[in-house]
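Enquirer: Would you mind keeping the following structure in view while I ask a few things?
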Amino acid sequence: MSAGLVGCLDTLRAADTVETIVKISVAPQDSKARLPRDFETFFAQEFRTRFKAPGKLELSVVTGEEPCDSVGSRCAGAVLNIGAVAYVTARADGSLSMIDVVDETLTGNFADSVRSALEAISKQKAVPWMENADSIPLVVKLSPEERPDTVPSSRYQFKAKLPRYDLPFSYAVMPRAGIDAKYPTIAAMNGVEDSVMLAFTVRADGSIAPGSIDFVSGNYREFVISAIDALSKARYHPAHLGDCAVATRIRQRFVFKSPR
């Protein structure tokens, strides 16, 4: 986000703060796979002993708060947010490989702390026992939770206070011309179709933060690559908090239908 746009957000006065806990969740990347019993609990504990929350969080990504309109694009208020998701492969020897952290909320020092904790787990071979599996691809998410009583204490990481605003908020909007995601040539030749869902952060200037793009669903790698390539060239109408353009996080579905 440019200095001018950061300045605009800084001129807005928060109504209050939302006290939240940042929780961790651990799941297999393959939704059909199953983790060993208590794996998430033990992994969360190992992560917490190695994770160091930054002393100061430079927050800039805004999320709408209820009440919102029927399609959820405009809300009566908003809150600054924090979050990151990591993709790793757990190995039977207790290490991790292929560590990739998605910085969802453009909070670089937070994403770096997540990466450092995962690297420490790997170096110390502290991944929980995986029974008969040689490796398990995992998705590790860190996100805020306002209702701590709904989350097992083992998944708590740290407490945070997030500024909340009583100002009208509108989410980023796709450009009127749409997003030109090219139909992969090989897929077109074979009549293959797909639907790809991506989550990403739209910066205050309407551009997509490249390190924020996260795969949500889809079946074929070629379609995902095409959608990500299209996003890298796109310019959205940015979100607004009051009169200020701000960064926000949204999801977009790309539907590829055979041209035949």
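The values are calculated or read from the model by the stated rules, or taken from the named source; none is laboratory data. Remember, predicted model here, so these are calculated numbers, not experimental data. We place every Cβ from the backbone using ideal geometry, glycine too, and count neighbours over all the protein chains shown. Areas reflect the complete protein model, heavy atoms only, side chains present, ligands, DNA and RNA absent. Shrake-Rupley method; radii C 1.70, N 1.55, O 1.52, S 1.80 Å.
Enquirer: What accessible area per residue, rounded to a whole number of Å², is obtained for the chain using a probe radius of 1.4 Å?
Expert: 53
Enquirer: May I ask you to evaluate 6.51 cos²θ - 1.76 cosθ + 1.60, the Karplus curve with θ = phi - 60°, for each residue of region 131-138 and list the ³J(HN,Hα) values in order in whole Hz, giving x for glycine and proline?
Expert: 6, 9, 7, 7, 7, 9, x, 10
Enquirer: How big is the C-alpha Rg of region 141-260 next to the rule-of-thumb value 2.2 N^0.38 Å, as a ratio?
Expert: So region 141-260 has a normalised radius of gyration of 1.32.
Enquirer: Next up: With each run of n ≥ 4 DSSP H residues scored as -39500 (n - 2.57), what mean residue ellipticity at 222 nm is computed for the chain after dividing by its residue count and rounding to the nearest 500 deg cm²/dmol?
Expert: -6500 deg cm²/dmol
Enquirer: Going through region 111-166, which trypsin sites (Lys or Arg not before Pro) have at most 11 other Cβ atoms within 10 Å and a DSSP loop state?
Expert: Values: sites: R115, K123, K125, K141, R155, K159, K161, R164; in loops: K125.
In loop regions of region 111-166 (DSSP not H, G, I, E or B), the sparsely surrounded trypsin sites (Lys or Arg not before Pro) are K125.
Enquirer: Okay, moving on. Determine the gain in length on full extension of the stretch Q45-M98; use 0.36 nm per residue of separation and subtract their C-alpha separation, reporting nm with one decimal.
Expert: Gain in length upon complete extension: 17.0 nm.
Enquirer: Let me ask another. Hey, what's the per residue convex hull volume over the C-alpha atoms of the chain, in cubic angstrom?
Expert: Here the figure is 150 Å³ per residue.
Enquirer: Name the residue from T107, T11, Y87 whose Cα lies farthest towards the positive end of the charge dipole of region 5-119, charges +1 on Cβ of Lys and Arg and -1 on Cβ of Asp and Glu.
Expert: It is Y87, whose Cα lies furthest towards the positive end.
Enquirer: Given charges of +1 on the Cβ of Lys and Arg and -1 on the Cβ of Asp and Glu, with all other atoms neutral, how large is the dipole of the chain about its Cα centre, in debye to the nearest 20?
Expert: Values: 31 positive and 31 negative charges, 50 e Å.
Magnitude of the dipole: close to 240 debye.
Enquirer: In addition: Note the count of lysine pairs whose C-alpha atoms are less than 21 angstrom apart in the chain, limited to pairs 8 or more residues apart or on different chains.
Expert: Lysine pairs meeting the criterion: 20.
Enquirer: At 1.4 Å probe size, what's the solvent-accessible area of E222? Round to the nearest 10 Å².
Expert: 100
Enquirer: Let me ask something else about it. Assigning unit charges at the beta carbon (Lys, Arg +1; Asp, Glu -1) and nothing else, what dipole magnitude in debye, to the nearest 20, does region 154-260 show about its Cα centre?
Expert: Dipole magnitude for region 154-260 comes out near 260 debye.
Enquirer: Could I ask something else about it? Using a 7 Å offset from the Cα along the Cα-to-Cβ direction at both H237 and D180, what is the distance between the two label points in nm, to one decimal?
Expert: Taking the simple label geometry, H237 and D180 are separated by 2.1 nm.
Enquirer: Using a probe of 1.4 angstrom, how much of the accessible area of the chain is carbon and sulfur, in percent? Please list the in-between numbers first.
Expert: Numbers: 6880 of 13910 Å².
Carbon and sulfur together cover 49 percent of it.
Enquirer: Here's a follow-up. Which chymotrypsin sites (Phe, Trp or Tyr not before Pro) from region 123-207 combine a DSSP loop assignment with at most 16 other Cβ atoms within 10 Å? Working shown, then result.
Expert: Working: sites: W129, Y156, F158, Y165, F169, Y171, F200; in loops: W129, Y171.
For chymotrypsin sites (Phe, Trp or Tyr not before Pro) across region 123-207 that sit outside H, G, I, E and B with at most 16 neighbouring Cβ atoms in 10 Å, the list reads W129.
Enquirer: What size of dipole, in debye to the nearest 20, comes out for region 1-106 about its Cα centre when the only charges are +1 on Lys and Arg C-beta atoms and -1 on Asp and Glu C-beta atoms?
Expert: 320
Enquirer: Moving on to the next point. Could you order E46, E193, E65 so the one with the most accessible surface comes first? Probe is 1.4 Å.
Expert: My answer, sorted largest first, is E193, E46, E65.
Enquirer: Going 7 Å from the Cα of R37 along its beta-carbon direction, which residues of region 128-147 have the amide nitrogen within less than 19 Å of the resulting point?
Expert: Output list for this probe position: 128-133.
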